[in-house]
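As structure tokens, the structure follows; a few thoughts come after it.
Values in this text are rule-based calculations from the coordinates and carry no lab data. Fair warning: this is a prediction, and the values are worked out from it, not measured in the lab. When we count neighbours, we look across all protein chains shown, and the Cβ atoms used for this are built from the backbone with ideal geometry, even at glycine.
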Amino acid sequence: MAQPFKVAQTRICARFSDMAKQHFTHVQTWVFDLDHTLYPPEMRLFDQIERRMIDWVMKELGVDRDEANRLRAKYWREHGTTLAGLMRLHNVAPEGYLIDVHDIDFTVLSPDPDLRTAITALPGRKIIYTNGTAPYAENVIQARGLSGIFDAIYGVEHAGFHPKPDRAAFEQVFTADGLEPREAAMFEDDPRNLAIPHAMGMRTVHVAPDPSEHDHIHHHTDDLRGFLTQLAP
């Protein structure tokens, strides 16, 4: 008698494709993170944002570049995003910060028509949920050739500026969207941001060059396009 398939962090490959696919047959809503998920890290887009974050912290807090970079990383680790730390510890208003740090060059991104085809082929709704802003996400997917295939785009502003991985952020966005977590899957590069989706009953996929050993991650892939292609009907 065949042994049941054990859900694990596995790179997608032909011999696993049919078994992995059966774990997504219930999915009605596909939730995608943006940065380093819908484009690969090697395109280096987020490097620009990090530089602008450092410049912003230097100016607003009156610290040197090394200290600004230390605070940027510290707040990201401890609060989910640099912005969340700035808001909680320095009473920073988010709107101006978000406009400034996302004023970057999107030409470093290239279109991916095969990824577009793979996402389009998925049954059900497809949405984006990012710790960036919705206008920033629009710029990214336009540069990637992915405009027009998502049913909704949610940014940190739709979560009341609460960041992933805060449970309140997921609850606010998912309630606004009306999705049922137990009928949804989440694709995300940051392992921290998959813990709450997993607890809510979502199928979780870690999209990153290297796997992360966490119980709240069902699958891992370093090739989003290939993974999605295996899941399409």
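Structure above, values below:
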quantity	calculated
Calculated over region 134-202: convex hull of Cα atoms, volume per residue (Å³)	92
Student exercise, the chain dipole from Lys, Arg, Asp, Glu Cβ charges, in Debye to nearest 20	540
Cα centroid of region 69-92 to Cα centroid of region 166-233, whole Å	24
Whole-Å semi-axes of region 45-101's equivalent ellipsoid (Cα gyration tensor)	14, 13, 12
Overall Cα dimensions of the chain, principal axis frame, Å, largest first	67, 34, 32
Region 107-233: C-alpha gyration tensor shape, a/c 1.5 cut-off, then a/b vs b/c	rounded
Net charge dipole size for region 45-101 [Lys, Arg +1 and Asp, Glu -1 on Cβ; Debye, nearest 20]	140
Of every Cα-Cα pair in region 95-154, the percent that sits beyond 12 Å	69
Where the Cα pairs of region 67-135 fall when distances are cut into 10 Å bins, in %	15, 35, 26, 20, 3
